[in-house]
Amino acid sequence: MIFSLVGIPTRVEPFFVVIECAGVGYGVRICGNVYEAIVAGGYDTARKNFALVTRSIYSEDNAQLFGFLSEEDAALFDFIRSLNGFGPQAAMGILSTLGGEFLLTALLHQDVGSLVKVPGVGKTKAEKLCFEANARKARLEKLAVTQKTDGAKKTIAVPNDLVVQALTSLGYAPKEIQSAADKLAKSTDKPASITRENLQEWIRLYLKHL
């Protein structure tokens, strides 16, 4: 198993890169954000070392490497491909299209509308993805809690289902709701928990940040 690579990108394409490490070139399938990071940082033209978190996938007639910018993205890739009916290629396509944090938000909120934006994912497949992910919701929420930003741990606030349902009915998108939840998580001027009795108060608090 190869869990990471540090080397010089010698061939760079939008979804594929060859990383040369100690004279050996490793072909790695990558997400769009990896390609952007390599090109933006000039790692290919300046022949600078670039670090990738990787996952090795083996089958009877093939062996593939998949590369990510962070362990968190790699863990989300592992989660998607562990679901019934979703292999590594599908997991990579979904993660590459939506990005790690937005994908987590969509899965936590069962947001079929966002998932169908992924090429090759229709309504039926998006609904299946939501169903399979919800069956492993405890693991999904654990992934959300351990996301990192700029090397520092960041807790993604998971909005309450009652709040999400209410705000979604008002026309707000999951990404907007998540942004408001993250802002509210830093506030001390709010009730200790969400109940049906204080739901309207929480909705007003969310609306202030939307």
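The values are calculated or read from the model by the stated rules, or taken from the named source; none is laboratory data. Here the structure is a predicted model, which means the values were calculated and not measured. Glycine gets a Cβ as well: all are built from the backbone with ideal geometry, and neighbour counts include every protein chain shown. For the accessible areas, the whole protein counts, side chains as well, though only heavy atoms, and no ligand, DNA or RNA atoms are used. Shrake-Rupley method; radii C 1.70, N 1.55, O 1.52, S 1.80 Å.
Computed across segment 96-136, the Kirkwood radius stands at 10.0 Å (inverse of mean 1/r, all Cα pairs). Its Cα gyration tensor gives segment 1-92 an equivalent ellipsoid. The semi-axes, each the square root of 5 times an eigenvalue, are 23, 14, 11 Å from largest down.
The length gained by stretching the chain between Phe15 and Phe3 to full extension, at 0.36 nm per residue less their Cα-Cα distance, is 2.5 nm. In summary, the aspartates and glutamates within cross-link reach of Lys142, defined as a Cα separation below 18 angstrom excluding same-chain residues under 8 places away, comprise Glu71, Glu72, Asp73, Asp78, Glu101, Glu132, Asp161, Asp182. Here the accessible area of segment 1-125 is 52 percent carbon and sulfur, with a 1.4 angstrom probe and all protein chains present. Which label belongs to the value computed from this structure, given these candidates for Rg and Dmax of the Cα atoms in Å: (1) 16.2, 47; (2) 19.2, 65; (3) 18.1, 57? It is the value labelled (2). If I fit a long axis through the Cα atoms of helix 71-82 and take the longest principal axis of the Cα atoms of the chain, what angle between them do I get, 0 to 90°, rounded to 10? Result, in degrees: 80. Magnitude of the charge dipole for the chain, about its Cα centre and with charges confined to Cβ atoms of Lys, Arg (+1) and Asp, Glu (-1), is about 300 debye.
The mean accessible area for residues of the chain, using a 1.4 Å probe and ignoring ligands and nucleic acids, is 54 Å² per residue. Entry note, the chain: the mean residue ellipticity at 222 nm calculated from DSSP H runs of n ≥ 4, each adding -39500 (n - 2.57), is -13500 deg cm²/dmol after division by the residues and rounding to the nearest 500.
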